[in-house]
Every structure is written in C-alpha cells, then in structure tokens.
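Notes to accompany the following structure.
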Amino acid sequence: MPHAPATPRPAPTTARARGDTPIADLTQLIYASQPFGFSESNLNAILMDSRRMNARDDITGALVCRHDIYLQLLEGPTDAVMAAYARINRDDRHLDIRQLVSRPIETRMFGAWAMLHDPADTLILTQDDIAGGVLDRLSQAQIVAMFETVARDAAPEHGSLHP
C-alpha cells in the first residue's frame, strides 16, 4: 500500500513547543474510531488535512490505521488538541469515536511529525481483537505503550519514518 508523503518538521520534543506554550498546557489525547468507507484516497485526504492543520496549530502525533480501525495520538497545546478532537468528532469519515487517553504531558512523543502515518505494521492487535472490544479493556498505560512502540520504530536511528 503506498503511503502519503510525510515531511518531518522540526519541532522540539520538549514541552515548550514554540516558547509560548507553558509546560502545564501540553496534552496528549488518544482516540480510536472505525473508518467509514476506508480507502486510500480517504486516508490520504485525512493525512493531508491533519498535517496542514496540525502544523498550523502546533499539534504533533501519529495515526495508526487499517481498514477496521483508526487509532490516533494527538499532542500539543490543550486548547488546540481539544479543538482538533472536536473537528474529528464532526468528520463523517469516522464512526464510533472513543477517547481512550487524555493526559497532561511534559514531553512530546512525536515532536518531529505533524502527523506520522503508521499503516498498522506495529499494531499487534488482530481484527478479531478490535472487533471483540480489546481497546476498551486495555489500560491507558497499555495504549500509550503501543504508541511508544510506533515512536521507537519511527525513530531515524531505526531507519524508518513511515511516511
């Protein structure tokens, strides 16, 4: 499956993203949704929209996706993250949107990417797991750990940016 091009953008991995974001104002939000009409063109449109708006709003993150799930992490200034999540809730390309994690952070996990695309290569959950509601049974720490794996695998020293 071809990937939409991603241009890593320089962004600090510390809490002060632009020098005007206080440490206490960084939020990390993870949600899951079911794709409506999953297609490569819909996915590319989502990635293009999110990268454009996220760069504008100082949001970074990652989207893990396949035909049965979108699992996305957003991080940045609290107001911007919550506004992005509100837009996602109005987006008809998503069904059954569920917030899994929302927490204050001091360090960004995906500071170099407006939106990293991971085509679920690192997602160890099967389609049966997802259909059986496993995400509702995982702890927040386990969900965050899945994205830590994505971040580690995407690090340049591992030779992959998953554009």
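Throughout, read-outs are computed from the coordinates displayed, never taken from laboratory work. Please read all numbers here as calculations on a predicted model, not as lab measurements. All Cβ positions, even for glycine, are placed from backbone atoms using ideal geometry, and neighbour counts span all protein chains on display.
Overview of results
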| item | result |
| --- | --- |
| Ranked packing of 52-58, 36-42, most packed first, by mean Cβ within 10 Å | 52-58, 36-42 |
| Along principal axes, Cα extents of the range 23-153, largest first, whole Å | 39, 31, 26 |
| Dipole moment magnitude, nearest 20 debye, the range 26-143 about Cα centre, only Lys, Arg, Asp, Glu C-beta charged | 240 |
| Cβ-based exposure ranking for 70, 85, in which fewest neighbours within 10 Å come first | 85, 70 |
| Order of 118, 91, 129 under a 10 Å beta carbon neighbour criterion, fewest first | 91, 129, 118 |
